[in-house]
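Quick note: the coordinates plus some simple rules give every number you see, no bench work behind them. Just so we're clear, the structure is a prediction, and the values are computed from it rather than from any experiment. Cβ placement follows ideal geometry from the backbone for every residue including glycine, while neighbour counts extend to all protein chains displayed.
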Amino acid sequence: AVLNVSGERSFYEGRVRVLVGYEIAGINIKTPLNDSSFVHQDAQAGNITGFGQNRISLFQTGIVYDTRDLETDPSNGIFAEITNELSTTALGSQYNFNKVFVHINGYYKLFPKTFKKVILCGSFGMGNTSGASPFFEYADEWSSEGDIDGMGGSKTLRGYKQARFAAAVMQYTNFELRARFMKLIIFKQNLVFSAVPFFDQGAVWDKLRFNNFKNLRYSEGLGLRIVWNANSVLRFDYAISKEDHQFFFQLGHTF
């Protein structure tokens, strides 16, 4: 069971937003007695915290700077945010820990005088969890654009399974080249088609230090975007990694 309340206040014509929220959740992690999973083995060995019944209480704060020209389908500007989640026994939680997440997206028109719409897009995210956190909190990072659920899946490291990698420190980078190649009007509906080659990178570490680059993972692929009346985006992505080939169909851009 989860209860979450949040609010935000905008400043400077919406370019700056301040976020405040509170979340309390009851989480029960259990496996069969004879289970051979790594979670069960680590719990039995005392290597992880959070096995069994848990109560998590989080005080959430954040600040956002946003200059995108169109939130649903940006072609220029940046989006940057830093969020913090504090868990403490003073708020009713079983655990004392803190999570910080930094997230930046950028959009830049390439050769606007030559091409009608070719946009280079980049995204960077990094989270750090400190303190006595239960293991399942490592994968989750709070963002105003939608929570990040570990490394892997359609938001971070396409080509790897959802939440394939998680640790106290997580980092990812995405690059997309959104190249419009066709525009149609069908039954008075405006449809814009773009080809999107992309490259993703992600990594996790147990501590905030970067002396082990063997943890870096990469994937690449090709996507199709159909923007419907400027505000609705249909996303099709085919991603390839060392572990898997994946196809995604989602609503909205990756970032």
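Using the Cβ-Cβ distance between VAL18 and GLN94 with R0 set to 35 Å, the FRET efficiency works out to roughly 0.75. Look at the alpha carbon pairs under 8 Å that are at least 6 residues apart: their mean separation over the length of region 149-234 gives a relative contact order of 28 percent. What's the long-distance tail for region 22-142, i.e. % of Cα pairs beyond 22 Å? Everything past 22 Å amounts to 53 percent. For the pair ASN229 and PHE181, label points projected 7 Å from Cα toward Cβ lie 2.7 nm apart. For LYS242 and GLN189, the FRET efficiency from 1/(1 + (r/R0)^6), where r spans their Cβ atoms and R0 equals 30 Å, is about 0.15. Region 237-255 and region 66-83 have Cα centres lying 22 Å from one another. Remark: spin-label model distance ALA45-PHE11 equals 4.9 nm, labels positioned 7 Å along the Cα→Cβ axis.
Once you keep just the Cα pairs under 8 angstrom separated by 6 or more residues, what percentage relative contact order results for region 98-255? Relative contact order, region 98-255: 18 percent. I want to make sure I understand the PRE zone here: with the label point 7 angstrom from the Cα of TYR65 toward its beta carbon, which residues in region 1-23 have backbone N atoms less than 13 Å away? Residues 15-17 fall inside that zone. Stretched out straight at 0.36 nm per residue, the stretch from ASP147 to SER37 would grow longer than its current Cα-Cα span by 37.0 nm.
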